[in-house]
1. Got a sec? Which strands (runs of 3 or more DSSP E) wholly within region B:1-111 have at least 2 residues that are away from chain C (no Cβ under 14 Å) and surrounded by 21 or more Cβ atoms within 10 Å (Cβ to Cβ)?
2. How many residues does region C:282-292 hold that are touching a Ser or Thr at 6+ places or on another chain (Cβ under 6 Å) and polar (S, T, N, Q)?
3. If you take the residues of region B:372-386 that are surrounded by fewer than 23 Cβ atoms within 10 Å (Cβ to Cβ) and more than 9 Å from chain A (Cβ to nearest Cβ), which of them is nearest to A:I99 (Cα to Cα)?
4. Can you tell me which residue among C:S258, C:S292 is in contact (Cβ under 8 Å) with a residue 60 or more places away in the chain, in contact with a helix residue (DSSP H, G or I) (Cβ under 7 Å, 6 or more places away or on another chain), of a type outside the set (A, V, I, L, M, F, W, C) and surrounded by fewer than 21 Cβ atoms within 10 Å (Cβ to Cβ)?
5. Checking C:T374 against (1) in contact with a Gly (Cβ under 8 Å, 6 or more places away or on another chain); (2) more than 14 Å from chain A (Cβ to nearest Cβ); (3) closer than 23 Å to B:T212 by Cβ; (4) surrounded by fewer than 23 Cβ atoms within 10 Å (Cβ to Cβ), which test does it fail?
6. Of the numbered conditions (1) within 27 Å of B:V47 (Cβ to Cβ); (2) part of a helix (DSSP H, G or I); (3) without any contact (Cβ under 8 Å) to a residue 60 or more places away in the chain, C:D387 fails exactly one; give the number of that condition.
7. Within region C:92-150, which residues are more than 23 Å from the chain's Cα centre (by Cα) and within 29 Å of C:Q438 (Cβ to Cβ)?
8. Take C:A62 and tell me if it is touching a helix residue (DSSP H, G or I) at 6+ places or on another chain (Cβ under 8 Å), within 16 Å of C:E261 (Cβ to Cβ) and not hydroxyl-bearing (S, T, Y).
Amino acid sequence: MSRNNNERELQSLSRRKLLKAGAALGAGGLLGVQLPVSAALAAEPGVAPFMELSRLLVNHQLDEGVGQRMWQLLQQENAQLDRQVSAVLEIAHANNAKIVEDFFPAIPEGELQDLAYQVIFGWYAGCLNTSKTAESFAFAQALTFQNTADVISIPSYGRTGPNEWADRPNVPVLPLRDF
Amino acid sequence: MSLPSNSDVVIVGTGVVAAVVAEQLLDAGLSVVMLEAGPRVSRAEIVENYRNLPLGNKGNAIASYPSKPWAPHPEPNSGRPGDDYLQVSGPNGIGYLQSYVRYAGGSTWHWAGTSWRLTPEDMRLNSNFGVGRDWPFPYEELEPYYVKTEYKLGICGPSDEAEQWPQGVPRSAPYPMPELPFSPGENKFTDVVRDKLGLRNVHVAQARNSGTAYDNRPACCSSNNCVPVCPVGAKYDAATALGRLEAKGAKILHNAVVYKVETNAQNQVEAVNYLDPDKQSHRVTGKTFVLACNGIETPKLLLMSADDRNPNGLANSSDQVGRNMMDHPQLAYKIKLKEPYWTGVGPVVNSGIMETSQGDYRARHAAAYFRFNNFAQNRFVTFDTLQQGLVGKALDEQLRHNTGTSGMIVAAHEILPDPNNRLTLSDKKDWLGLPKPAVHYDVGDYVRRSAEEFSGPMIQRIAEAMGVLEAPKTVGFRPSKHIMGGTIMGTDSSNSVVDDVCRSHDHANLFLPGGGAMPSTATGNSTITMVALGFRAAEAIVQQMKAGA
Amino acid sequence: MMKKLTASLIFGASVLLSPLALAAASDDPAVIAKGEYLAEASDCTACHTQEHGGKPFAGGKAIHSPVGEIFATNITPSKQFGIGNYSEEQFANALRNGVAADGSRLYPAMPYTAYAKLTDEDIHALYSYFMHGVEPVDNPTSETVLPFPMNLRFSMAIWNTLFHDNKSHQDDPSKSEEWNRGRYLVEGPTHCSTCHTPRGFMMQELGDQNLAGAQVGPWYAPNITPDEVSGIGSWSKAELVEYLKTGRIEGKAQAAGSMAEAVTNSFQHLTDEDLNAIAEYVMSVPAINNASEDRFTQGEAGNQLAQFRGKAFDAETEAEGARIYSGNCAACHGYNGQGTDDGYYPSMFNNSVTGEENTSNLIAAIIYGVHRETEAGGNVFMPPFGDQPNALNSLSDEQIATLSNYLMDSYGLASAEVTPEQVAVIRAGGEKSPLVQQARIGMAAGAAVVVLLLLGFVLRRKRRK
């Protein structure tokens, strides 16, 4: 029900500038240098398309290492992962998608849409499900925290010098943060 | 490690009260041995434990402190050694499913640092309102010990007298550090409750380094992680004191679970016995003994130590050990605000409306204070938002909106000492074969009436003033983790366990400083009151030992 | 007997030559205030006041030198235990020549080699301050006993002859007033070269390497010549002034160890004019290049979190250095090494500590922490990670080496290497000088030669008979 509303919303959204879409290992910028989790994992053929799809579904700077960990966990519970990733990527390419709003409505309900939501969930939450025993693969880099890091602390990471957070204004929700 | 035989003082526990008592004794030239049931851990490990938790478990403060099999602490629904450890029962059993940390440093590892003093009124409930118990001494006598506590732990607080607590009662010394700044949400909350309700949301005194290093520990950097752990040691926790205690000559033994306190023919305490992780028993003698190992573990140990001379447990001729279990029954309300407030900058608890906790109404129902928590809300809103099926910019905006407009307000109540709120030894055994503690708990009509007539309606008024989408609800009374009453203080040895310096009525060389001694709870975190009692007990021990020697 | 003869000869000579022989300490508040300012500029308190509540200038502090512990003396005007009986003449002799009133020699831990530059007028002001502006403290201090042969204080006379230039400052008329003032301050009261200039085998400053960088116990006082690559040539004059005032230039450098002390006790109290003069002079000394990489612009943001995040804390990982960083350092220094937005907590990259080939400061900052207090910069505190009672976490030599290598690789000069053995040396207070041992060997060798010569002489005489 809410998804139909969102489809209408998506159509009226203006395009956003895409940050480093499909970029190779970046140097500098907000993410800085990224190293693979392991050479073996980096060499897995499923990883690169997974990262390409991730960057299309989630239009933010995504850490390669985090993606490798996520792909590995998804792979363990979903034997169809690489095939599904391929299929969704095809839809994205067919729509000349640069950002998620370009192609998400075209993803059919069912296993492909579920995968798309799962990938988005993983990048935002830093784990694959809501359970207390899920394996975490990202915390500070989980996008739910990055999303508000300009306004509030990412817990356990300091934010300012002593008492320098005084008199911060109460900011509106918009504009969104660049991350 | 070989322990010195017959130390001056044997202290069971290494939490904040034990640490403060130990340091006073060491400074007075006494020898001190401390026995800690659990392990010594590094801050880095706890910090990483927290960061490694999945988002779904990050709200669980105890999950960063997995207990050891030999020293279980309550870990409900975890599949861990502490899962089934604390047996709760009664109409509000779930309200007493406490959280505490059996590691060196104790529960201040994960406390928020909130440092309310009692007021003169709080200490005379019975004389003033005909309910509960009076303290056996007035506020004026406790005040200098509060000052010692505030300087020892490093407590920052408001210099504006209008914000200080207790109100209108002059302090004999200023706070060592000034108040911490509010988050944007707290500023807005303060304005709203003042302008619309005429209520004062004050900066709470807290054990956190404000604007400067103190006690050779760094200043608060707003990592907003006080609960479950301060990553930099800006919040006082007893773990920060242990290195200094050892440098002063304390011998600290870890993974040593004391299970029996022994008396001699004169019914003085003579020794404690502990089990190590290999289940081997060891005996430690001393001259004076302090049990400061937590409000549940201390009465449990006394009961376990029953012998022929003390068939109901040590220090228990009054039959009050384990009775009168108290806490601050808490009602928490998640709120969805119309406009963003943004909590999550600065410490996780930074203020409170405390003026509501005083008044003649206490003859009828429990006092309550109210606070707007300051946790970053991301982990509370992420799953719900993701389940809405949004993507891209719409998702980011919704997530940001939900984070900024989510919050929690809490009503914390006082409770009366009820002998039927009782800790006993269950017949279930833990890994070492020791009885698991059981607590029967009923918050009582005094508290329920407060929720119905006072705190509940007040919460709704506060929420409305803040501007919420819908009237907030609560899941019911939950623990504040402020365990009090199990070794209650009084002048009458027939209905109390300890005297006014926390010395057992039954055993002149046994001291039980801590929350267990408090005869009334008021509404604010009990920690600095416990520590003030620790200072008093330490003073008495030093006097007693110097006189006796 | 010999010692007293030598001493009185020198004493007599200086009395003849000095106009200060009959000068008395001034009561003029302006002079005393000037003396106080000069005492701050000279940072007398850094050595002569004990840390953690010592009475000002009452001595007792142990200075860790590479040849052993030297105890700073009581320089309050106490007549029994301090310098209360010193004439201005004797005071000047101590400051300029390292000779105490009883004729005994001071070790150059007391930087008399620099204070020799002080003008008569400034000596007079200092003397007046110490006699009339400082509270007498009637407490004795510990005796300094260095290992043989360093304990033969008269040997310092020889050392002075070889290495000490006791001429006071002379203006260079071809240079500006500001430059001359700067030179006076740098070479005199603020004695920069005593830390920043490398020393020879006899522990004398190497003049041709002036300010090119030297080890000071566990810390490294870096190259502060205006060399663009290995010195501070990339700094503006304003930045150097800011650094002296606050101990910090964001995205470049921060003061710790003895420099943090110097900023806290000394530099932050100097006038803007004097600080600018110091900067003017320092930026003009010969540039000396002794490094191939600029230490201020190394490294970039990044992390290895994905390698261990979500796994058990004690699980095996190849990213151990990153994990140590995460648990112990990242809360302040950022999960990406980026520090805080307001710059209060420095980033790990673009940081002279990780950009410097000499890794002493990185190791020392971890072990000892950082503490500076300035009016402009506030109270800056990083906890230690050594064996102190207030260590936030006690890290082993192996852990600190692993952490340091991670920091250098990820955020600094990747070519630098740290070993656990190096960490142990820093933890122990820095390298010990081989001077003591060599001197003993030298003396033993010398004595052996004498014995052999005598033996040879005796034997030859016996044979002739």
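1. Fully inside region B:1-111 and qualifying: B:7-12, B:32-35.
2. We begin by selecting, within region C:282-292, every residue touching a Ser or Thr at 6+ places or on another chain (Cβ under 6 Å); these are C:285, C:287-291.
Now restrict to residues that are polar (S, T, N, Q): C:289-290.
Residues meeting the conditions: 2.
3. B:D384
4. Values: C:S292 fails: in contact with a helix residue (DSSP H, G or I) (Cβ under 7 Å, 6 or more places away or on another chain).
C:S258 is the lone residue from the list that is in contact (Cβ under 8 Å) with a residue 60 or more places away in the chain, in contact with a helix residue (DSSP H, G or I) (Cβ under 7 Å, 6 or more places away or on another chain), of a type outside the set (A, V, I, L, M, F, W, C) and surrounded by fewer than 21 Cβ atoms within 10 Å (Cβ to Cβ).
5. C:T374 satisfies all of (1) in contact with a Gly (Cβ under 8 Å, 6 or more places away or on another chain); (2) more than 14 Å from chain A (Cβ to nearest Cβ); (3) closer than 23 Å to B:T212 by Cβ; (4) surrounded by fewer than 23 Cβ atoms within 10 Å (Cβ to Cβ) except (2).
6. Every listed condition holds for C:D387 apart from (2).
7. Once the filter is applied, which keeps residues that are more than 23 Å from the chain's Cα centre (by Cα) and within 29 Å of C:Q438 (Cβ to Cβ), region C:92-150 yields C:G103, C:S104, C:F148, C:P149.
8. Details: touching a helix residue (DSSP H, G or I) at 6+ places or on another chain (Cβ under 8 Å): no; within 16 Å of C:E261 (Cβ to Cβ): yes; not hydroxyl-bearing (S, T, Y): yes.
For C:A62, the condition - touching a helix residue (DSSP H, G or I) at 6+ places or on another chain (Cβ under 8 Å), within 16 Å of C:E261 (Cβ to Cβ) and not hydroxyl-bearing (S, T, Y) - is not met.
The values are calculated or read from the model by the stated rules, or taken from the named source; none is laboratory data. Quantities reported herein were computed from a predicted structural model and do not represent experimental measurements. Cβ coordinates were reconstructed from backbone atoms using ideal geometry, including for glycine residues, and neighbour counts include every protein chain displayed.
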